[in-house]
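Below is one structure; the comments refer to it alone.
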Amino acid sequence: MSLPDLPPLYYLTNFHLVHQWVWQHSADLLQAEQQALSQRFVTLTTDAQALLLRLLMRKGLWFRVSKLHYAEIACSPTALGELQQAGLLDQPTVMAAESYAHLHTMAELRQRFPPLAHHARKAEFTQALCQAYPQGVSSVTSVVYLQPEARAWAERLLLLFFGNGHQDWTELVLSDLGLYRYEQVAFSIGSRAFRHHADVQCYELLYRWRTQIAQATEQDRATLLPAAVQAVLALETDSDWLSERRAKTLYVLGQWAEKKATNLDLAEQAYAASRWPMASLRRARVLELQGRHQQAWEQGQHIMVDSQHEAVLQKWARIALRLHKKLALRDAPLPCSTGFEPSRVDLSLPPDPLGARIEQQVCDYYDHPQAPVFYVENTLIQALFALWCWDALYAPVAGAFFHPYQRGPADLYSPTFYQRRQGWFEQAWESLNDDSYKHLIETSWHSKHGLQCGWVQWQALSLDLLRMALQCISAADLRVIFQRLLDDLRENRSGLPDLIRFWPLEKRYEWIEVKGPGDRLQDNQLRWLRFFADHGMQASVCHVRWC
């Protein structure tokens, strides 16, 4: 597929889109100096605006003037002067030694600083230069320094526009190229990710700590973790989605503290304060690791009463079995365990000389014109679900959509997700009372094909596969499968079997999970297999050995 040529100033057009959007919807969430910077920006010439964006999209704050030549900018020197006059750039004569080394090649550095030329690696040379010139280095080449306030302003614009820290300018470029297309959702000015400055500050703090901890070395992480946990514990917010993000951050920090038993006391503290579904379970596990078995057992009793998550209860049953023995609790009942064993099939296959995935080999082995087999894993059920309830997923609910580049609603995993869309879901449920659900799903496939959606991988869902699935999977089966997804969208969207085999003439189907030598079923896979067995759906585990 040939991609369209982007206009020379595509990036400036995209920036204007973001800037105008934020100014219209969230200008009050810009700091006073950022509002002033926005007002200065719009008074700049096109060349100056474009050059500023070129700098903002590069790393760092220091730039060599000789490297700032762009075909679409008519006069870079004039634009530089304009940015300097606007207070966005400086042209200092002295710069930090580390920054100086970063901007110059090793050949240039050796020529200017002969006494340090024996250092072969740039990292060593830079360290020596910093020690030799702690007050900085006078620049013999023309350099400019971008004011940090300008970068902070651009980052705040992106955050207010996208409502998250992981989407950036690339999203807009891919949309310009036609590679990404999004569902258009109507939303009001009042529908925005952040309501006031406290929301923005809360998000930025959580994002900063999670990023810093994830990028730190193991040694630095151990030092940073206590400060991170205390900072997040002290954070208060009345925003539901930020409260959920705070809970997830505490859970992640707890995992880091628990890793290699780095700081089990800190992990227990983080888990205890987190409302994340798995946090209560991890706290019980940490208490067990600390030898606090009675407290771990008591924590498990709260889990049994409070948790509505099947995954949490499944994992607690294993911990409970160990604690039951350690505490000699002869009269204390254990969590209910079914001892479920899925249907098993053993298959011998020769290794594929081309290294094909084992799932694809089993798929090819069983495939037959009268009983075609597809390697679908989670993609088929996720797509059927999304196409069935597309109108509910993209309903114009307040607080769900903030900008035109969302793959799905921001509150997808919120406890109130279903209740807030109950009317739309009731219409979808009604379609399963007759064959109208087939028309609904296929119509969605045609009308929404190619739109970005976190639940649909279009390349994995051909129209033939869709129609065969609708022919063979009954409305009754889809109803209970969709209900199980809605019971816990985060956990239940994964763990589905690798393959599905259809018998179109008989209008029936079978799930097949593939396991190679030494591989075992994961918890989420076991839960789905037990669910299929409980509802009379044919499913088996194919254990492959090489022959």
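Most exposed first by the Cβ proxy, i.e. fewest other Cβ within 10 Å, how do ASP90, ASP28 rank? Before the final figure, lay out each step's value.
On the way: ASP90 13, ASP28 10.
Ranked by crowding around the Cβ, least crowded first: ASP28, ASP90.
Using r as the Cβ-Cβ distance of GLN422 and ALA476, and R0 as 25 Å, what FRET efficiency do you calculate, to the nearest 0.05?
That gives a FRET efficiency of 0.70.
For a Förster distance of 60 Å, can you work out the FRET efficiency between the beta-carbons of ASP391 and ARG64, rounded to the nearest 0.05?
0.65
Mind ranking 528-534, 291-297 by how tightly packed they are, going by the mean number of other C-beta atoms within 10 angstrom, highest first?
528-534, 291-297
What are the lysines whose alpha-carbon lies under 28 Å from the alpha-carbon of LYS67, with same-chain residues fewer than 8 places away excluded?
Output for LYS67: LYS59, LYS122.
Give the angle, between 0 and 90 degrees and rounded to the nearest 10, that separates the Cα long axis of helix 240-258 from the longest principal axis of the Cα atoms of the chain.
Helix 240-258 sits roughly 90 degrees off the main axis of the chain.
With unit charges on the beta carbons (Lys and Arg positive, Asp and Glu negative) and the dipole taken about the Cα centre of the stretch 10-176, which residue among MET57, GLN31, LEU159 sits farthest to the positive side?
Positive-most Cα among the choices belongs to MET57.
Could you point to the residue in ALA74, TRP458, LEU334 farthest towards the positive end of the chain's charge dipole, with +1 and -1 charges on the Cβ of Lys/Arg and Asp/Glu respectively?
The listed residue farthest towards the positive side: LEU334.
What is the spin-label model distance, in nm, from GLU341 to ALA356 if the labels are put 7 Å beyond Cα along the C-beta direction?
So the label points at GLU341 and ALA356 sit 3.2 nm apart.
Test of understanding: extend the Cα→C-beta vector of ASP367 to 7 Å, then name every residue of the stretch 324-360 with backbone N under 20 Å from that spot.
Label zone hits: 347-360.
Positive end of the charge dipole of the stretch 160-251 (Lys, Arg +1 and Asp, Glu -1 on Cβ, about the Cα centre): tell me which of TRP241, LEU177, ALA228 has its Cα farthest that way.
With unit charges placed on the Cβ atoms, the residue in question is ALA228.
If packing is taken as the average number of other Cβ atoms within 10 Å across a peptide's residues, how do 204-213, 509-518 rank, most packed first? Please list the in-between numbers first.
Working: 204-213: 16.8, 509-518: 18.3.
In descending order of packing, they fall as 509-518, 204-213.
Relative to the first principal axis of the alpha-carbon coordinates of the chain, what is the inclination of helix 148-162, with its axis defined by its Cα atoms, in degrees from 0 to 90 and to the nearest 10?
30 degrees
By a straight-distance test (C-alpha under 27 Å), which lysines pair with LYS326 as possible cross-link partners, with residues fewer than eight away in the same chain excluded?
Correct list for LYS326: LYS259, LYS260, LYS315.
Could you put HIS324, HIS16 in order, starting from the residue whose Cβ has the fewest other Cβ atoms within 10 Å?
In order of increasing Cβ crowding within 10 Å: HIS16, HIS324.
Angle, helix 46-56 long axis vs. longest principal axis of the chain, Cα atoms, 0 to 90°, nearest 10?
Its long axis makes an angle of about 60 degrees.
Report the antiparallel proportion of the DSSP beta bridges in the stretch 344-546 as a percent, rounded to a multiple of 5.
So the antiparallel bridges amount to about 45 percent of the total.
Treating only the Cβ of Lys, Arg, Asp and Glu as charged (+1, +1, -1, -1), what charge dipole size does the chain show about its Cα centre? Round to the nearest 20 debye.
Working: 54 positive and 58 negative charges, 276 e Å.
The dipole of the chain has a size of about 1320 debye.
Extension gain HIS166-ALA198, at 0.36 nm per residue separation less the Cα-Cα distance, in nm?
Taking 0.36 nm per residue and subtracting the Cα distance, the gain is 9.5 nm.
As an exercise, take the mean of 1/r over every pair of distinct alpha carbons in the stretch 390-547, invert it, and state the Kirkwood radius in angstroms.
About 17.5 Å, per the Kirkwood formula over Cα pairs.
Sorting check: for 245-256, 223-234, which peptide has the highest mean count of neighbouring beta carbons within 10 Å, and how do the rest follow?
245-256, 223-234
In straight Cα distance, which lysines are under 19 Å from LYS448, not counting same-chain residues fewer than 8 positions off?
Output for LYS448: LYS438.
When only Cα pairs under 8 Å and 6 or more residues apart are kept, what is the percent relative contact order across the stretch 311-402?
On the way: 21 pairs, mean separation 11.8, N = 92.
Contact order relative to length: 13 percent.
Would you calculate, for the chain, the mean residue ellipticity at 222 nm contributed by helices, counting each DSSP H stretch of 4 or more residues as -39,500 (n - 2.57) and dividing by all residues, to the nearest 500?
For the chain, the value works out to -16000 deg cm²/dmol.
For a quick check: sort ASP5, ASP435 by the number of other beta carbons within 10 angstrom, fewest at the front.
The fewest-first ordering by Cβ neighbours comes to ASP5, ASP435.
Where a number appears in this text, it was derived from the coordinates with a stated rule and is not lab data. This is a predicted model, so every value here is computed, not measured. Don't worry about glycine lacking a Cβ; one is built from the backbone with ideal geometry, like all the others, and counts go over all protein chains shown.
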